[in-house]
């Protein structure tokens, strides 16, 4: 089950291959002129930082550096990334540069803390739509709700799709205890309709809903662009040394 990847991997995500072109087109079609100016500024200061490379020692290395340089220029020119946002709705957003996940933190009421951990895109499915195959990218999400010292934590293992949030598992644990193989509860789909609806409403009142899922997909599209360009530059730098 895709939604369990965040738990089974000790909250480390594995980024599976996916279609970069579909992401690029999605970004490009929604970028306003003012957004492009902000993107260009961020690209020039953060992503497009100068890299020091030495003279390559062979024609093969020279060719690789040329290919990488052209690819970096193409990626930046076609859909330049913008500076990651630091807030969404009631949550603060903590990016983790160089890592495949982010953390959101928020409050509900006076004593309830909410922590959300989300991977980058870690899977996909093909969903037929209007006679065409539509690629649906997947994000694993772990929602931790805690009411302070002495109380148990309730965690929701979820799947974030482009326009919807799907609960996979709900389990309760005590922070002071770390069982090797905790009981994760039943598959949420096997519960009766009223109980399932109750869990969704419980999360919705805390800002964890379809809107959050849409935000995560937009955020991860941009993060993927940033990480890809940084990776290309690191490879270029290594070959040039």
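Considering 201, 166, 218, 227, the condition of being surrounded by fewer than 21 Cβ atoms within 10 Å (Cβ to Cβ), modelled with pLDDT of 95 or more and more than 26 Å from residue 113 (Cβ to Cβ) is satisfied by 227 alone. Counting only residues that are within 22 Å of the chain's Cα centre (by Cα) and touching a residue at least 40 places away in the same chain (Cβ under 8 Å), region 183-241 holds 27 of them. Screening residue 134 against (1) at pLDDT 95 or above; (2) out of contact with any helix residue (DSSP H, G or I) (no Cβ under 9 Å at 6 or more places or on another chain); (3) closer than 18 Å to residue 221 by Cβ leaves a single unmet condition, (1).
Being in a loop (DSSP other than H, G, I, E, B) and at pLDDT 85 or above: is that true of residue 98 here? It is true that residue 98 is in a loop (DSSP other than H, G, I, E, B) and at pLDDT 85 or above. Residue 151 passes every criterion in (1) farther than 26 Å from residue 183 by Cα; (2) free of Cβ contacts under 8 Å to residues at least 12 places away in the same chain; (3) surrounded by 12 or more Cβ atoms within 10 Å (Cβ to Cβ) apart from (1). Each residue in region 101-126 was checked for being assigned to a loop (DSSP other than H, G, I, E, B) and surrounded by 20 or more Cβ atoms within 10 Å (Cβ to Cβ), and 3 pass.
For region 66-86, the count of residues that are within 22 Å of the chain's Cα centre (by Cα), modelled with pLDDT of 95 or more and part of a strand (DSSP E or B) is zero.
The values are calculated or read from the model by the stated rules, or taken from the named source; none is laboratory data. Every value quoted in this text rests on a predicted model; they were computed, and no experiment measured them. Here the Cβ is made from the backbone with ideal geometry for all residues, glycine too, and neighbour counts use every protein chain on show.
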